[in-house]
Amino acid sequence: MTLLPFGQPLGGMMQVAFVVEDIHKSMKEWTESQNVGPFFLLEHFELLDLRYRGKPADFDITLALAYTGSMCVELIQMNDAKPSLYREMVERRGYGFHHWAVSTTDFEGDLKRFVAMGYPEALYARVSVGARAAYVDATKQLGAFIELIEINDKVNGLFASIKAAADNWDGKDPVRRP
């Protein structure tokens with residue numbers, strides 16, 4: 001088993017994600033109630049070549065990432081009313097848990113594997129660190145989406161630096177910008 005620099009096994013669950021109405025309020029609640037932090041706030045997170053349910057898409061989200069142990073907690077706020085995977089879940093059952101993320105170095109192979117298991121691709125994007133991400137729809141089987149995150153050196157570095165900040169966190173500066 002290969003352990004990634006941020007403590008999770010390659011191919012394993014590396015993140016739990018929640019869609020929130022107010023990201024600043026949610027970061028404060030997670031920090032105060034669960035001692036999760038510090039959060040790294042990524043406002044208007046850039047998604048390139050974005051596809052939602054197989055069609056080109058353009059929506060605006062803000063993310064916040066923090067660690068508790070070796071598990072990353074992601075908070076996602078929608079910044080517009082455009083159709084998205086996040087809005088879809090909120091309309092179905094309200095704000096809250098949205099997806100698990102799984103790491104991969106065989107992005108195409110793992111995406112095909114999930115689709116063959118009956119989890120259709122629901123979202124695809126490239127991110128600024130030169131990696132790809134895709135969500136598959138496992139809501140009927142598992143009650144949530146699964147996100148595949150392609151691992152490369154920049155992705156490893158980003159998650160490892162956020163985890164290192166959490167490992168040594170003294171409770172000060174609970175919201176940071178990378």
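The values are calculated or read from the model by the stated rules, or taken from the named source; none is laboratory data. Treat the numbers as computed from the prediction; the structure is a model and nothing was measured. When we count neighbours, we look across all protein chains shown, and the Cβ atoms used for this are built from the backbone with ideal geometry, even at glycine.
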Thr31 passes all but one of the listed conditions (1) of a type in the set (Ser, Thr, Tyr); (2) over 19 Å from Glu147 (Cβ atoms); (3) without any contact (Cβ under 8 Å) to a residue 60 or more places away in the chain; the exception is number (3)
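Residues checked against (1) of a type in the set (Ser, Thr, Tyr); (2) farther than 25 Å from Ala165 by Cα; (3) surrounded by fewer than 19 Cβ atoms within 10 Å (Cβ to Cβ):
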position	(1), (2), (3)
Phe39	no, no, no
Asp49	no, yes, yes
Asp60	no, yes, yes
Pro83	no, yes, yes
Met117	no, yes, yes
Asp137	no, yes, no
Screening Ser103, Ser128 for residues that are closer than 29 Å to Pro83 by Cβ, exposed (fewer than 13 other Cβ atoms within 10 Å of the Cβ) and either among the small types (Gly, Ala, Ser) or free of Cβ contacts under 8 Å to residues at least 60 places away in the same chain (or both) leaves only Ser128
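What residue, among those in the range 21-37 that are aliphatic (A, V, I, L, M) and touching a Phe, Trp or Tyr at 6+ places or on another chain (Cβ under 6 Å), is surrounded by the most Cβ atoms within 10 Å (Cβ to Cβ)?
Met27
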Complete set of residues in the range 142-177 that are in contact with a Leu (Cβ under 7 Å, 6 or more places away or on another chain), surrounded by 19 or more Cβ atoms within 10 Å (Cβ to Cβ) and either assigned to a helix (DSSP H, G or I) or among the charged types (D, E, K, R) (or both): Ile162
Residue list for the range 35-63, restricted to those being at pLDDT 95 or above and either assigned to a helix (DSSP H, G or I) or within 25 Å of Asn168 (Cβ to Cβ) (or both): Val36, Gly37, Pro38, Phe39, Phe40, Leu41, Leu42, Glu43, Leu63
Can you name the number of the only condition in (1) in contact with a helix residue (DSSP H, G or I) (Cβ under 7 Å, 6 or more places away or on another chain); (2) touching a residue at least 40 places away in the same chain (Cβ under 8 Å) that Leu85 fails? (1)
